[in-house]
1. What does the highest-first list of 94-104, 72-82, 9-19 look like by mean Cβ count within 10 Å?
2. Given a 1.4 angstrom probe, I'd like the percentage of the accessible area of the chain that is carbon and sulfur, rounded to a whole number.
3. Give me the angle, in degrees from 0 to 90, between the Cα long axis of helix 156-205 and the longest principal axis of the Cα atoms of the chain, rounded to the nearest 10.
4. Keeping all protein chains in place, calculate the accessible area per residue for the chain (probe 1.4 angstrom), answer in Å².
5. Per 0.36 nm of contour for each residue apart, how much would the distance between Glu198 and Gln9 grow if the chain were fully extended, relative to their Cα-Cα spacing?
6. Would you mind giving the three semi-axes, in whole Å and largest first, of the ellipsoid equivalent to the chain according to its Cα gyration tensor?
7. When the helix-only estimate is applied to the chain (DSSP H runs of n ≥ 4, each -39,500 (n - 2.57), divided by the residue count), what is the mean residue ellipticity at 222 nm, nearest 500 deg cm²/dmol?
8. With 10 Å bins from zero, work out the P(r) of segment 24-68 over every alpha carbon pair and list the percent per bin.
Amino acid sequence: MKSEGPLLQYLMRRIAEMPPDLLAELASDAAPGIEAGAVTGDVLRGLGLLNPDRRWLESLRPAKLDKTSRNIIRVTLVGGWLLADPWFQGRANPAQAQVWLVTVVRDLAAVTTADALVKDDDRREELARLCLKALEFRPQGENAKQAQQRLESISSVERERVIAASRELQEAVRKKRAEEEERARKVREEMARKAAEEAAAKGTRE
């Protein structure tokens, strides 16, 4: 059963107070800036993970930054800032924290931006709830069912999943309809061919 975590508002305030400098220019081979891998590694070591995934940390300093990689790294920094809160010290499982940063945060980066996570109430709440869920906590004052229902109601990741599933269903329906129309066309053509052959045969007999 999930353990009770901190007040959700406490974590949301933590996210809102993220220093702008941490979302400034990122380091790459082309330019100096925030070394996201070093920052994230320090956060995980602070939680007790002695050997964070080195290859993953190195990936947070790509040779060239594009829009997608920039957002993934910045979202990871927001997640790391949240995990660096003193409440998680001695409570959070550091291996679970790393998995969350590698997987869930990247999924979130595919549907929202780091700036939205810091500035938008719903996105702050989503990030805080995703973090607690990944670390097997629930917000203070909520039971597990309430926490899950609220997360599902605001989840941009879940919303994108539903939208994608709806698109797939629509595409399957469109494809099936097209196949049915093609079969009907072939039947009509075959019927017309047979009718023509019968008419020709009748004309020959007469």
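The values are calculated or read from the model by the stated rules, or taken from the named source; none is laboratory data. Computed from a predicted structure; not experimentally measured. Cβ sites come from the backbone with ideal geometry, for glycine too, and all protein chains shown count toward neighbours. Note: areas computed on protein heavy atoms with side chains; ligands, DNA, RNA excluded. Shrake-Rupley method; radii C 1.70, N 1.55, O 1.52, S 1.80 Å.
1. 72-82, 94-104, 9-19
2. Ligands and nucleic acids excluded, carbon and sulfur give 52 percent.
3. Taking Cα atoms only, the helix is inclined about 10 degrees.
4. Using a 1.4 Å probe on heavy atoms only, each residue of the chain averages 60 Å².
5. 59.9 nm
6. Working from the Cα gyration tensor, I get semi-axes of 55, 23, 14 Å.
7. -21000 deg cm²/dmol
8. 28, 50, 21, 1
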